[in-house]
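Enquirer: Quick one: structure below, then a few questions.
The values are calculated or read from the model by the stated rules, or taken from the named source; none is laboratory data. Keep in mind it's a predicted model, so treat the numbers as computed, not measured. All Cβ positions, glycine included, derive from the backbone under ideal geometry; neighbour counts span all protein chains shown. Ligands, DNA and RNA are excluded from the accessible area calculation, which covers all protein heavy atoms including side chains. Shrake-Rupley method; radii C 1.70, N 1.55, O 1.52, S 1.80 Å.
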Amino acid sequence: MKVAVITDSNSGFTQKTAKEAGVFCMDMPVIIDGENYIQDVNLTREFFYECLTSGKAVTTSQPAPGDVMKMWDDVLALGYDEIVHIPMSSGLSMSCSTAKMLAEDYDGKVEVVDNHRISATMTQSVYDAKTMAEKGYSAKKIRERLEETAYDSSIYIAVDTLEYLKRGGRVTAAGAALGTALGIKPILTIQGGKLDAYAKVRGMKKCESKVISAIKKDVETRFSQYNKDELFIFTAGTLMTIDEEIDWNEAVKAAFPDMDVRYYPLSLSIGVHIGPGSLAVGLARVVNE
């Protein structure tokens, strides 16, 4: 049984990194002034943030159903028997439920996983799926295992400006204006696939301490039954310079000196909703079989 693993670019994979990992990536389009763009194809980070901060109309969209089915058909034509498709959490997008509906026409050859993740936690799910596929697991068994362990992850995101949450309707214009005037930075969390408010902090430096403390608490409580080598800690963000990324990663590393910590730039489709200057930290349990 030859099983292919497909994800979407909200995981942080690009066409290049997916190829290197031996998986496939479905691009999530970014729409700028009515034109479709694809990250690292015809959309650079520099141009994206220039458009976002200059007031251009920037939105996201799920892939067209025809594009999803074409990708599945093309991958199956390569000689794969089954597909494990891992889209972003159903709590954040309709792309998961759409894919599940489309998979009904594939007679069990396509298993769509809803393991309630995004960004680097979703990346880990892709690697877990790839490992299980190499061990000979069926697509159905891989889906079941990933959904069983779906909630073994945690993300905290500190947002530098409320402007982009306001554009997406997550805060009111008045609330955004008041928060900006007071220097309030919201901290959001993803636990179980939905974006929720976690805390409000004045200033990004305090946000850094708050999100690190939140992950420390998770390691010591929710994940205390696992060995530290079973846990994957990541830093992420929409930081604008390499130096900022390094500084943030080093700050988290200092808090977890005995654990592996890596930085992951958030995909541009996520950046649309949280804006530049945001930072995140999270963890996921590696699925060991």
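Enquirer: Give me the residue from the stretch 91-114 that is assigned to a loop (DSSP other than H, G, I, E, B) and of a type in the set (D, E, K, R) and, out of that set, least open to solvent (accessible area, probe 1.4 Å).
Expert: Among those that are assigned to a loop (DSSP other than H, G, I, E, B) and of a type in the set (D, E, K, R), it is ASP114.
Enquirer: Take LYS135 and decide whether it is touching a residue at least 40 places away in the same chain (Cβ under 8 Å), closer than 27 Å to VAL281 by Cβ and not polar (S, T, N, Q).
Expert: no
Enquirer: Next up: Select from the stretch 110-165 the residues that are under 15 Å from the mean Cα position of the chain (by Cα) and basic (Lys, Arg) and list them in ascending order.
Expert: Correct list: ARG117 only.
Enquirer: Could you please give the count of residues in the stretch 51-110 that are at pLDDT 90 or above and at positive phi?
Expert: Adding up the residues that qualify gives 3.
Enquirer: In this structure, does ALA120 turn out to be at pLDDT 95 or above and surrounded by 19 or more Cβ atoms within 10 Å (Cβ to Cβ)?
Expert: Considered against the rule, which asks whether it is at pLDDT 95 or above and surrounded by 19 or more Cβ atoms within 10 Å (Cβ to Cβ), ALA120 comes out as no.
Enquirer: Hey, can you tell me all the residues within the stretch 146-194 that are at pLDDT below 60 and β-branched (Val, Ile, Thr)?
Expert: Passing the criteria: VAL171, THR172, THR180.
Enquirer: Follow-up question, since we're still on this one. Failed condition for THR235, given (1) closer than 15 Å to SER154 by Cα; (2) modelled with pLDDT of 90 or more; (3) surrounded by fewer than 19 Cβ atoms within 10 Å (Cβ to Cβ); (4) touching a Lys or Arg at 6+ places or on another chain (Cβ under 8 Å), with all others met?
Expert: Of (1) closer than 15 Å to SER154 by Cα; (2) modelled with pLDDT of 90 or more; (3) surrounded by fewer than 19 Cβ atoms within 10 Å (Cβ to Cβ); (4) touching a Lys or Arg at 6+ places or on another chain (Cβ under 8 Å), only one is false for THR235: (3).
Enquirer: May I ask you to say which residue of ALA197, ALA284 is under 21 Å from the mean Cα position of the chain (by Cα), among the aliphatic types (A, V, I, L, M) and surrounded by 17 or more Cβ atoms within 10 Å (Cβ to Cβ)?
Expert: None of the other options fit; the residue is ALA284.
Enquirer: Select from the stretch 185-244 the residues that are among the hydroxyl-bearing types (Ser, Thr, Tyr), in contact (Cβ under 8 Å) with a residue 24 or more places away in the chain and not in a strand (DSSP E or B) and write down the one among them that is farthest from PHE48 (Cα to Cα).
Expert: Among those that are among the hydroxyl-bearing types (Ser, Thr, Tyr), in contact (Cβ under 8 Å) with a residue 24 or more places away in the chain and not in a strand (DSSP E or B), it is TYR226.
Enquirer: Right, here's the next one. Of these, LYS130, LYS135, which one is open to solvent by 10 Å² or more (accessible area, probe 1.4 Å), closer than 23 Å to ALA21 by Cβ, among the charged types (D, E, K, R) and touching an Asp or Glu at 6+ places or on another chain (Cβ under 8 Å)?
Expert: LYS135
Enquirer: Turning to a different aspect of this structure: If you scan the stretch 57-90, which residues turn out to be in a loop (DSSP other than H, G, I, E, B) and open to solvent by 80 Å² or more (accessible area, probe 1.4 Å)?
Expert: Within the stretch 57-90, LEU78 is the sole residue that qualifies.
Enquirer: Residues that are open to solvent by less than 10 Å² (accessible area, probe 1.4 Å) and not aromatic (Phe, Trp, Tyr): find the strands (runs of 3 or more DSSP E) completely inside the stretch 1-54 holding 1 or more of those.
Expert: 3-8, 24-26, 30-32
Enquirer: Now for a separate question. Taking the stated definitions as given, is SER61 farther than 21 Å from TYR226 by Cβ and either among the aromatic types (Phe, Trp, Tyr) or in contact with a Pro (Cβ under 6 Å, 6 or more places away or on another chain) (or both)?
Expert: yes
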